[in-house]
Each structure stands twice: as C-alpha cells, then as structure tokens.
Amino acid sequence: MTFKAIDYWTNIFTPEGLRRMYLENEELAPVVDWWRMDDRIKGYTTKAFVELMDELGIVKTFVPSFKMQSWKRRAPILDVEAASVRELMAECGGRVGGLFGIDISKGMQAVRELEIAVRDWGFEGAHIHANGWGIPLNDRELYPVYAKCTELGIPVVVQSGHSAEKMPSEMTRPIHLDDVALYFEDLRIVASHTGWPWVEELIAMAWKHPNLYIGCGAHAPKYWDASLVRFLNSRGKGKVLWGTDFPVVRHQDSLQQVARIDLKPDAREMLMYGAAEKVFGIRVDEVVS
C-alpha cells in the first residue's frame, strides 16, 4: 500500500554523505554492524532518491545538517555541512527541506547562523542532538536557540530518549521538555525516536502540551510500543509524526510496517502527513516537484 507521506527526518542520503556520517564517525561506525546497516548506507543519488519518494508516495522529507560532539573527548565528531544539505534542497526541487543543525559549542554564533540559514537559505527547522554535549534539553544554553526558533516561526527537532552512542541518555529524557514547552508556548517541538525507553513519559508531555509532538524516526513501526499506537490512534491524533531517521530505518520497510498497524483512517492520515503539515506549516498538495 502506498501512502501520501512526509518524513520529518531523513539523514543525508548520498553515498559520500553516509560514508562520512557513519563509517568515519567514531560513535556511529559501531552501529553499522550492530544494526546491520551495510546495505542501507550505500545511499542514493539525488535523482534515485526522488524517484524512490515518488514510488513510495513520500511528498517531502527533511534532512538535518547534523552536529554531534563526543561526550568523552568533548570534541566535534560529526558535521554535516549546511552547504551539503542546501545542495540536496536545490537538486530535489522542493522535495527535501533543511533542518539546521545546532553546534552548541558556538553559543550565540549558532543562533546567528540559524537565522541566516532560515532567512537566506530556506531551511525550515532546527535540529539538536544534545547528548554529546552533556547538557539536558532544558539547559539554559539552548534557550537562545529556542527563542530564535520561536521568533522565526520554525520548529525544532530534538533527539529524545536514550542515546545509542556512548553518550549520557539522561540529557534527552522527555521530562526535560516539560520546562521548554511551558516557557516557549509558541515553539513547535518534535521529540524524536519515540522517547524510548521513556515512551509513556513522552506521551504524557505530548498530551499535556499543545506545542509538543512525538517523532517516530529511528524506530521501525513493528517495534513501536503499544501505548504509542494507542495514543496516536485516539487522543493523540495529530500529535505523532512518521519518520525514518534513514539509514537507521529504510523508507520501504517503515511504510510496509505502518500498513500492518490497525489505525483509524484519520489517525493514519495525521501520522503520515497531517501532523507534519501543522508542525512545518506546509501542505502536501502544494509541495514543489
């Protein structure tokens, strides 16, 4: 079955980008074997990726200029350059949107760079992976970023739940977003990775805060907690976004598994693209092709 869909988080998908992100990264290289990702990190040309999107009914996907720091060495270990994401945005004709990755070590310079990325380069959101910096999502260092996102009217996508890398998971525990959502009531927040293993904690936060959403990237639908499925199928309609975190999960596999989940038609629609439309302020019928 083919759905109309928006993927809120696909990592850079070119062979060169995936090689640098995974095989040359001291934290992510071990997961290639652990998660059996050899075939998935071969990647796509931009032409082949757009053809795959057309085949699967994926209208748009968002790619972060991912920034990651080693918690052990306190040094940057991953820098997907904004220029690389801009190239994908241009080559894919509106089908790829950019999420500007925040280098927390830059302080206010990162905030200034975020504004340039959005106003001048067309990025449509921000992306934060806080674990390696060893600061929680409600740390004061991130408040200027949240304030700028609110000012610019863009969402922020954050890693949530445990860290598969050798970094402290507590930094992205969902409860930390309680403070952020309270203080920044107009900031649209997507807490990714289902919040696992604190799935019900994230569900409680998404239920409480109108501006806080759950992203399912990096978790294959066949492994989604039953509580998450119940939530998105009932009082959580419109609060859960479909995504892959490709190459962690292949788009084909995820869509096939979603098709096997017993969802109400309106809940399925909101999961696959309706919630993303609200978060990113777009309409699937108006995406440039």
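Details
- Any hit, segment 260-283, residues being under 17 Å from residue 52 (Cβ atoms) and touching a Pro at 6+ places or on another chain (Cβ under 6 Å): no
- Any hit, segment 144-156, residues being in contact with a Ser or Thr (Cβ under 6 Å, 6 or more places away or on another chain) and either over 19 Å from residue 219 (Cβ atoms) or not polar (S, T, N, Q) (or both): no
- Among the residues of this structure, residue 218 does not count as one that is within 24 Å of residue 126 (Cα to Cα) and assigned to a helix (DSSP H, G or I).
- Residues of segment 82-129 satisfying the condition of being within 15 Å of residue 141 (Cβ to Cβ) and hydroxyl-bearing (Ser, Thr, Tyr): 105
- Residue 280 being surrounded by 15 or more Cβ atoms within 10 Å (Cβ to Cβ) and either of a type in the set (Lys, Arg) or touching a helix residue (DSSP H, G or I) at 6+ places or on another chain (Cβ under 7 Å) (or both): no
- Of residues in segment 112-136 being of a type in the set (A, V, I, L, M, F, W, C) and within 14 Å of residue 67 (Cα to Cα), the one farthest from the chain's Cα centre (by Cα): 133
- Taking every residue in segment 40-57 that is among the polar types (S, T, N, Q) and modelled with pLDDT of 95 or more and pairing it with any residue that is buried (at least 18 other Cβ atoms within 10 Å of the Cβ) and not in a loop (DSSP other than H, G, I, E, B), at least 6 positions away or on another chain, the pairs with Cβ-Cβ distances below 9 Å are 46/88; 46/96.
- Restricting segment 45-78 to residues that are buried (at least 19 other Cβ atoms within 10 Å of the Cβ) and of a type outside the set (A, V, I, L, M, F, W, C), the residue that is farthest from the chain's Cα centre (by Cα): 69
- Among the candidates 59, 111, residue that is within 20 Å of residue 254 (Cβ to Cβ) and not small (Gly, Ala, Ser): 59
- Given (1) in a strand (DSSP E or B); (2) within 25 Å of residue 270 (Cα to Cα); (3) modelled with pLDDT under 95, number of the condition residue 1 does not satisfy: (1)
- In segment 234-268, the residues that are surrounded by fewer than 16 Cβ atoms within 10 Å (Cβ to Cβ), assigned to a loop (DSSP other than H, G, I, E, B) and among the charged types (D, E, K, R): 235, 260, 262, 264
- Here residue 100 meets each of (1) surrounded by fewer than 24 Cβ atoms within 10 Å (Cβ to Cβ); (2) on the phi < 0 side of the Ramachandran plot; (3) touching a helix residue (DSSP H, G or I) at 6+ places or on another chain (Cβ under 8 Å) with one exception, condition (1).
- Listing of helices (runs of 4 or more DSSP H) fully contained in segment 96-209 that carry 3 or more residues being free of Cβ contacts under 8 Å to residues at least 24 places away in the same chain: 108-119
- The number of residues in segment 191-204 being out of contact with any Ser or Thr (no Cβ under 9 Å at 6 or more places or on another chain) and either at pLDDT below 95 or under 18 Å from residue 149 (Cβ atoms) (or both) comes to 0.
- Some residue of segment 70-91 being touching a residue at least 60 places away in the same chain (Cβ under 8 Å), over 20 Å from residue 129 (Cα atoms) and either in contact with a Ser or Thr (Cβ under 7 Å, 6 or more places away or on another chain) or among the hydrophobic types (A, V, I, L, M, F, W, C) (or both): yes
The rows are residues; the columns are (1) closer than 26 Å to residue 33 by Cβ; (2) charged (D, E, K, R); (3) crowded, with 16+ Cβ neighbours inside 10 Å.
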| position | (1), (2), (3) |
| --- | --- |
| 156 | no, no, yes |
| 165 | yes, yes, yes |
| 174 | no, no, yes |
| 181 | no, no, yes |
| 188 | no, yes, yes |
| 196 | yes, no, yes |
| 221 | yes, no, yes |
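The values are calculated or read from the model by the stated rules, or taken from the named source; none is laboratory data. Predicted model only: the values in this text are computed from it and were never measured. Methodologically, a virtual Cβ is constructed for each residue, glycine included, from the backbone with ideal geometry; neighbour enumeration extends over all protein chains shown.
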